[in-house]
Every structure is written in C-alpha cells, then in structure tokens.
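Here the structure is laid out as structure tokens; the discussion comes afterwards.
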Amino acid sequence: MVIQHQTKPRMTIAEFEAFALHPDNISRNFEFIAGEIVEVVSNPYSSKIGALFSRYILNYLDDHDLGHVTGADGGYIVEEERYIPEVGFIRYEKQPELKYDEGYIDNAPDLAVEVLSPGNQEAEMTIKLGNYLAAGTMMWLVDPKARTVAIFQPNKPVQVLTVEDTIKGDPLLPEFKLPVNKIFKASPQKEELD
C-alpha cells in the first residue's frame, strides 16, 4: 500500500488578509508564514516577558525619542509575510507615523523581540528569523525555559546571553543596556517551566 501525502495549497497574501480581516477573526491575531496561517496564541508567562521588554525599551525611548514601539498586537510586513512580534521597534525615518486603520505596518521592524511559547514550531521560527535578517531586522529571541536571549543581527554571529549577561542595543538603540536577570528575576524557576 502506498500512502500519498497531499500538500496543502499555499494561500496568497490577498486570501490571508481577507481571512484575517473577516468579522469572525477580527479579535484574533494571525501571522502569515510560508504561505500558511498561524494563529498567534501566547500564554501569561510569555506575555509578561514581552511586557517587560516593552517597559525597558519604552523607558529608554523616553530619553532617546528614536521611533515607535508596538506590542503583541502590532503586526509588520516582513519579506511579503505578516509577523506579530511580542515587541517591535521601528525608527521614525522608516515609519514616520503609525496609521490607525492599517492591519500590518508596511515595513519590517528594526527590532523584533520574539518570546517562545509552548505552541511555537521550530520551523516557523526558523523561517521568521531568516526573513527578519533578510529585511535588516535585529531579532532578540527569548527562551523562557532556558532563561536566555539570543541576539541575531544581519551579517553578525549570534550571541546567546544568559542571566549573567547584559543586552546591549547598539547600534540600533545606542546606550541601551538591559541585564538579562531583570527579565527573569521574578520568573518561575526553569524546572517549573519543564
């Protein structure tokens, strides 16, 4: 007996946007990754980690007004796909204004903070990482289980930071410094997340 696997036809961007903007889906968040719809579902712990990054980046921007910050509902067009990082930062030069009626910002973020959740698929994150880097986006990939932050920048080796290290925002966020232990200090122990 031969089992044939059928591949699903890939969705077009127009089909995705019609789906995402349908009244039944308007209160849900979707990403468009490799021609497929991926619903963005978080959990309270990953959401808290994203909120902490937002707080520290927004505090920095109080003194260095360089651009816009979006949260876990703010989407971006990245290499023709649609992504919603937990935190996005985009410089004013690239995006002077955020529009009230736009679903996804027409540009890729300059910085994307992605926090891993139990539902994340490794293949999806690999595709997103590749597209972020191709678009010139710096990505901070936060792994709550390992209590690490991996810093990805175009044309540079990855840096994996632990609670002993400090995130530096250069060159994108000059003088930004965030000790990783500030993100994980009030977090459950690693063993509790396993």
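Read-outs throughout are calculated quantities, based only on the coordinates presented, and are distinct from any laboratory measurement. All of these numbers come straight from a predicted model, not from anything done at the bench. Cβ: placed from backbone, ideal geometry, glycine included. Neighbour counts: every protein chain shown.
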(1) under 18 Å from residue 149 (Cα atoms); (2) polar (S, T, N, Q); (3) touching a strand residue (DSSP E or B) at 6+ places or on another chain (Cβ under 7 Å) all hold for residue 120 apart from (3)
Residue pairs qualifying under the 7 Å Cβ cut-off, at least six apart or on distinct chains, with the first in the range 33-49 being within 25 Å of residue 79 (Cα to Cα) and the second being of a type in the set (Asp, Glu) and part of a strand (DSSP E or B), are 33/81; 38/31; 40/31
Within the range 24-45, residues farther than 13 Å from residue 84 by Cβ and buried (at least 19 other Cβ atoms within 10 Å of the Cβ) come out as none
Selection from the range 98-142 of residues surrounded by 14 or more Cβ atoms within 10 Å (Cβ to Cβ) and among the acidic types (Asp, Glu) yields 110, 114, 124
Among helices (runs of 4 or more DSSP H) completely within the range 78-194, the ones holding 2 or more residues that are free of Cβ contacts under 8 Å to residues at least 12 places away in the same chain and either out of contact with any Ser or Thr (no Cβ under 9 Å at 6 or more places or on another chain) or within 30 Å of residue 15 (Cβ to Cβ) (or both) are 122-134, 190-193
In the range 49-97, anything among the charged types (D, E, K, R), surrounded by 13 or more Cβ atoms within 10 Å (Cβ to Cβ), under 12 Å from the mean Cα position of the chain (by Cα) and farther than 23 Å from residue 147 by Cβ is listed as 82
